[in-house]
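*Asks:* First the structure, which I've put down as structure tokens, then a few questions once you've had a look.
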Amino acid sequence: MTVHPRRSARADEGEATSHLLRNVRLVGVPAAAGPVDVLVIDGLVAAISDAGDDGLGSLRTAETTELEGRYLLRGLWDHHVHFKQWALTRRRIDLSPAGSVSETIDIVARDLGTPKRRDDVVVGFGFRDATWGEPLRKEPLDAATGDVPVVLLSGDLHCGWLNSAALDRFGLDGHPTGLLREHDLYPVVRALEEIPESELDAWVGEAALAAAGRGVVGAVELEQADNIADWTRRNAAGIRAVRVDCGVYPDHVEAAIQRRLRTSDPVPGTCGLVRMGPLKVFTDGSLNTRTAFCYDPYPGLEHDRDSHGMQVTSLQELVRLMRIAADHGITSAIHAIGDHANALALDAFEQSGARGSVEHAQLLSPADLRRFAELRVAASVQPHHAVQDRDVADLHWKGRTDRAFPFGQLHAAGATLLLGSDAPVAPLDPWNTIAAAVTRTSADREPWHPEQNLSVVAALEASTWGRFQPQVGDTADLAVIDLDPLSCPPTALRSMPVHATMLAGRWTWPAASPVNAGSMTGSSVGAGPG
């Protein structure tokens, strides 16, 4: 038995606490080693010993949780989240099942009377039209919706489809099609977010608690907002179910510099749960909207002005911004999807000397695979995108999909991988993310380019900052699950049962079943973020 020296890792303002987690198996430890008891004191893993070891006798407290041979690992992180958008999407019409214009309109018409609206604007989310082969126009939407303003947002949030009533509502009367892309859409998205802070924060709190229910202990927040101010306010209001690293965009980076916040610094007054994150900058758009910046033109768009996609930020400006951030201890998170955009992002890291990540890295030139490791730039990737966008990639990146979503090649090249969801583009559920990385498919299709999959070990490491097995001295950010992810069928990963989640020694999510909850004798498991 090893006991670590006492030092606080508490994520609240309460009294020092201790918990004994009894009879649990550590993920990655051979079954023959048997279960262990894990002692948590003051938010730290203080001791790990064989189950029932009397060596913990003098340290045991009344707060004991019997885990009945379940599996324990470090809590999971989602490295790319838009929390506000995710919270809003949970209340919008789900358009993801639609496979055509008519199917989308049918879903909207059926749900017009639901409460999924902002004021009198009906909002839907999740359509993916890149393979439909038919244009999105306001007229058929008008015919089904009449004078009710309707805004439909694509699954990647890079385009929106509005009817005439919505165009009029948002000052776009006379728009020829009702299809808005990239910057043209942003004012509409921002207007849809004009909800009282208290109401929106409550929705975000529910989303954070739901994430804790999937074993999540932290997320990198990349919402286009004043994330530091927003999460400081939410923390003060008691929203403390997860840790949050707050990304900043160029218009907020100066304020962070003035506060002398460096990446990973805790934000004062947030119990250590809110930290400074990276600078976020876009280099291009997205695959579904054919605005990802690529070397090759998109089929059928060869003669268009933006046939290769859109370069959003020049290399010179990218380097300038990244140097400013690096000079003040702030890492960079650079959005890059197309192969040309990724090359520019890596060039900017090389020229600026900055550290950080490329966000998405969906299409890479072979020569750029090794540069991630050489430049010590992490590849922050979202495996479920490969499942969602495989048909779009086969169509618009035809002949290049052997290097699309190249998780396996990046891992083999020595790159640091960070897995995330890009919620709301995919669900904020790391087990869904891990399953997509391991299987390269949903349940009903053959794997897509399975040579690019990750092992379960690699996927877990990329979801837990490089090490999924808890050790003495760790902050007690832990997840208790019902199955061993290293031995269960890969198809079971997506629906992994999560029994409980702990954040710095504080339960953030308990098992809901009365039978399972009853096994937590004398514990302080609570239903809220506390």
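Read-outs throughout are calculated quantities, based only on the coordinates presented, and are distinct from any laboratory measurement. The shown structure was predicted, so the numbers you read here are calculated from the model rather than taken from an experiment. Please note: Cβ atoms are built from the backbone with ideal geometry, for glycine as well, and neighbour counts cover all protein chains shown.
*Asks:* On a straight-distance basis, which aspartates and glutamates could pair with K398 in a cross-link, Cα separation under 15 angstrom, same-chain partners fewer than 8 positions away excluded?
*Replies:* Straight-distance partners of K398: D296, E302, D339, D389.
*Asks:* Give me the angle, in degrees from 0 to 90, between the Cα long axis of helix 430-439 and the longest principal axis of the Cα atoms of the chain, rounded to the nearest 10.
*Replies:* The answer is roughly 70 degrees.
*Asks:* Same structure again: Using the basic label-point model (7 angstrom from Cα toward the beta carbon), what is the A237 to E199 distance in nanometres?
*Replies:* 1.2 nm
*Asks:* A further question follows. Could you tell me the ratio Rg/Rh of region 283-417? Both radii from Cα atoms, Rh via Kirkwood.
*Replies:* Working: Rg = 14.3 Å, Rh = 14.8 Å.
Reported Rg/Rh, Kirkwood definition of Rh: 0.97.
*Asks:* Given the Cα-Cα distance of D482 and E68 and 0.36 nm per residue of separation, how much length would full extension add, in nm?
*Replies:* Numbers: separation 414, 0.36 × 414 = 149.04 nm, distance 0.97 nm.
Between D482 and E68, full extension yields 148.1 nm more.
*Asks:* If you scale each eigenvalue of the Cα gyration tensor by 5 and take the root, what three semi-axes come out for region 85-192, rounded to whole angstrom and sorted largest first? List each step's numbers first, then the result.
*Replies:* Details: eigenvalues 54, 51, 44 Å².
In descending order, the three semi-axes are 16, 16, 15 Å.
*Asks:* Just report the Cα centroid separation between region 338-416 and region 145-172, whole Å.
*Replies:* If we compute the Cα centre of each part, the gap is 33 Å.
*Asks:* On to the next question. Using unit Cβ charges (K, R positive; D, E negative) and no other charged atoms, how large, in debye to the nearest 20, is the dipole of the chain about its Cα centre? Can you show the working numbers first?
*Replies:* Numbers: 49 positive and 69 negative charges, 216 e Å.
In debye, rounded to 20, the chain gives about 1040.
*Asks:* In deg cm²/dmol, rounded to 500, what helix-only [θ] at 222 nm does the chain give when every DSSP H run of at least 4 residues adds -39500 (n - 2.57) and the total is split over its residues? Please report the intermediate quantities before stating the final value.
*Replies:* Values: 17 runs with 149 residues, N = 530.
It comes out at -8000 deg cm²/dmol, rounded to the nearest 500.
*Asks:* Output the 0 to 90 degree angle, nearest 10, between the alpha-carbon long axis of helix 315-327 and the longest principal axis computed from the alpha carbons of the chain.
*Replies:* Taking the Cα atoms of the chain, the angle to 315-327 is about 20 degrees.
*Asks:* Something else: Among bridges DSSP assigns within the chain, what percent are antiparallel (round to 5)?
*Replies:* Working: 35 of 76 bridges.
Roughly 45 percent of the DSSP beta bridges within the chain come out antiparallel.
*Asks:* Could you tell me which residue out of M322, P406, L301 lies farthest along the dipole of region 283-417 toward its positive end? Charges go on the beta carbon: Lys and Arg +1, Asp and Glu -1, centred on the Cα centre.
*Replies:* In region 283-417, that residue is M322.
*Asks:* Rounded to the nearest 10 degrees, what's the angle between the helix 339-352 long axis and the longest principal axis of the chain, both from Cα atoms, 0 to 90?
*Replies:* Helix 339-352 sits roughly 60 degrees off the main axis of the chain.
*Asks:* Can you give the FRET efficiency to the nearest 0.05 for R110 and E350, using r as the Cβ-Cβ distance and R₀ = 51 Å? List each step's numbers first, then the result.
*Replies:* Working: r = 52 Å, r/R0 = 1.01.
Once the sixth-power term is evaluated, E becomes 0.50.
*Asks:* Farthest toward the dipole's positive end in the chain, which of G146, T433, A292, given Cβ charges of +1 (Lys, Arg) and -1 (Asp, Glu) about the Cα centre?
*Replies:* T433
*Asks:* Right, something else. In region 85-192, what % of DSSP beta bridges are antiparallel (nearest 5)? Intermediate values should be presented prior to the final figure.
*Replies:* Details: 8 of 15 bridges.
The antiparallel proportion sits near 55 percent.
*Asks:* Also, I was wondering about something else. If I model a spin label at D184 and D53 as a point 7 Å from the Cα along the Cα→Cβ vector, what separation in nanometres do I get?
*Replies:* According to this spin-label approximation, the distance is 6.5 nm.
*Asks:* Between R259 and R320, what is the spin-label point distance in nm, taking each point 7 Å from the Cα along the Cα→C-beta axis?
*Replies:* Result: 2.6 nm between the two label points.
*Asks:* While we're on this one: Give the aspartates and glutamates whose C-alpha is closer than 15 Å to that of K280, dropping any in the same chain fewer than 8 places away, or say none.
*Replies:* Output for K280: E221, E223, D226, D245, D251, E254, E317, E359, D422.
*Asks:* Can I ask one more? If each residue of separation counts as 0.36 nm, what is the full-extension length gain between S102 and E374 once their alpha-carbon separation is subtracted?
*Replies:* Details: separation 272, 0.36 × 272 = 97.92 nm, distance 4.84 nm.
My answer for the length gained is 93.1 nm.
*Asks:* Give the residue from G52, S164, P196 lying farthest towards the positive end of the charge dipole for the chain; charges sit on Cβ (+1 for Lys and Arg, -1 for Asp and Glu) and the dipole is referred to the Cα centre.
*Replies:* Going by the Cα projections, it comes out as G52.
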